[in-house]
Amino acid sequence: MIGDRWGVTDDEVALRYGCDAIVPRPALQAWRGVTVDAPPERVWPWVTQLRVAPYSYDWVDNLGRPSPRELLDLPPLAVGDPFTSTAGRPVGRVVAVAPGRELTGRILGAVMSYRLEPTGDSSTRLLLKLVMARGRLLAPAVAVGDLVMARRQLLTWKALAES
């Protein structure tokens, strides 16, 4: 499907993500990935800040409010917490969290897992898998739209974790 992969290897696509247990037979699967020149412990805090802002194109998905560019003093994530925030309003729910390793949330009919894979050279592979149980006809449009937004999000977190 067009737009279903960006920046990932076949081995990364073959991994089991938290979202796979929640949506075992998805109508849509999409994978994204980026190498961050920082260890996982510097990347994870940025991923957990997803709960306060989307970190994508703020003028689109945050009504022009800028996502924070500094780490906030937030409590650890827990199942049931808001997954993200748009324009200051919580959206979705965290359904699984393995601190420092993987965050899975449900949002707008989709389930998303963010996964950190250390590379052994002080870098991290920041991976995202998105699945949807329904919407086979809309899947190509969702995949392309997500590609644009998720690419921006992952590259933003990369830049912030590397700075």
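The values are calculated or read from the model by the stated rules, or taken from the named source; none is laboratory data. As the structure is a prediction and not an experimental result, all values here were calculated from the model. When we count neighbours, we look across all protein chains shown, and the Cβ atoms used for this are built from the backbone with ideal geometry, even at glycine. Heads up: the accessible areas ignore ligands, DNA and RNA and are worked out on the full protein's heavy atoms, side chains in. Shrake-Rupley method; radii C 1.70, N 1.55, O 1.52, S 1.80 Å.
Inter-label distance, VAL60 to ILE107: 1.3 nm, where each label sits 7 Å from its Cα along the C-beta direction.
Hey, any idea what % of segment 2-56's accessible area is carbon plus sulfur with a 1.4 Å probe? Answer for segment 2-56: carbon and sulfur cover 52 percent of the accessible area.
Translational diffusion coefficient of segment 53-128 (Stokes-Einstein, Kirkwood radius from Cα pairs, 10 °C, 1.306 mPa s): 116 µm²/s. What you get for the chain, charging only the Cβ of Lys and Arg (+1) and of Asp and Glu (-1), is a dipole of about 580 debye around the Cα centre.
Each helix, a run of at least 4 DSSP H residues, gives -39500 (n - 2.57); summed and divided by the residues of the chain, these come to -8500 deg cm²/dmol at 222 nm.
In the chain, Rg over Rh equals 0.93, where Rg is the alpha-carbon radius of gyration and Rh the Kirkwood radius from pairwise Cα distances. Report the local net charge at VAL23: Lys and Arg +1, Asp and Glu -1, summed over other residues whose C-beta lies under 12 Å from its C-beta. Result for the neighbourhood of VAL23: +3.
Over all other residues within a Cβ to Cβ distance under 11 Å of GLY3, the charged ones net out to +1, with Lys and Arg as +1 and Asp and Glu as -1. Using the Cβ of ARG93 as centre and a radius below 10 Å, the other residues enclosed give a net charge of 0, where K and R count +1 and D and E count -1. Subtracting the Cα-Cα distance of VAL148 and ARG93 from 0.36 nm times their residue separation leaves 17.6 nm of extension gain. On a per residue basis, segment 12-141 carries 49 Å² of accessible surface, using protein heavy atoms and a 1.4 Å probe.
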